[in-house]
Amino acid sequence: MELVSKKQLDDLLTESCYNDGKERFADFYYVLKVEIVSCTEPKISCNNSDLNGVNGNDTFSPHSPKVVTEKWLSDQI
């Protein structure tokens, strides 16, 4: 995990062929390297309001990433 500038993020996405060309508005972004262990978990859909207050993540923007706990996820399924 690292904190990168808007330009650094664009460069990383371009190098990985994932840059969507959209304008980014924040000055800095957290970049995480993840390993997908399994794709067998069911996809859940929820409203932004369902996420309010989970781990202190207020939904100021529908575009901002949200962090939820495993317990919250298991309660939704």
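The values are calculated or read from the model by the stated rules, or taken from the named source; none is laboratory data. If you're wondering where the values come from, they're calculated on a predicted model, not measured in any experiment. Backbone-built Cβ (ideal geometry, glycine too); neighbour counts: all protein chains shown. The accessibility values were calculated without ligands, DNA or RNA, using every heavy atom of the protein model including side chains. Shrake-Rupley method; radii C 1.70, N 1.55, O 1.52, S 1.80 Å.
Here are the numbers for this structure:
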{"read-out": "Segment THR14-CYS39, length gained on full extension (0.36 nm per residue, minus Cα span)", "value": "6.4 nm"}
{"read-out": "Neighbour-limited loop hits for GluC sites (Glu not before Pro), the range 3-35 (at most 14 other Cβ within 10 Å; DSSP other than H, G, I, E, B)", "value": "GLU23, GLU35"}
{"read-out": "Those trypsin sites (Lys or Arg not before Pro) in the range 1-52 that DSSP places in a loop and that have at most 16 other beta carbons within 10 Å", "value": "LYS22, ARG24, LYS33, LYS43"}
{"read-out": "Exposure rank, largest accessible area first [ILE36, ILE44; 1.4 Å]", "value": "ILE36, ILE44"}
{"read-out": "Above-threshold pairs, the threshold being 25 Å between Cα atoms, out of LYS6/LYS43; LYS6/LYS33; LYS7/LYS43", "value": "LYS6/LYS43; LYS7/LYS43"}
{"read-out": "Difference of contour (0.36 nm per residue) and Cα-Cα distance, CYS46 to ARG24", "value": "5.4 nm"}
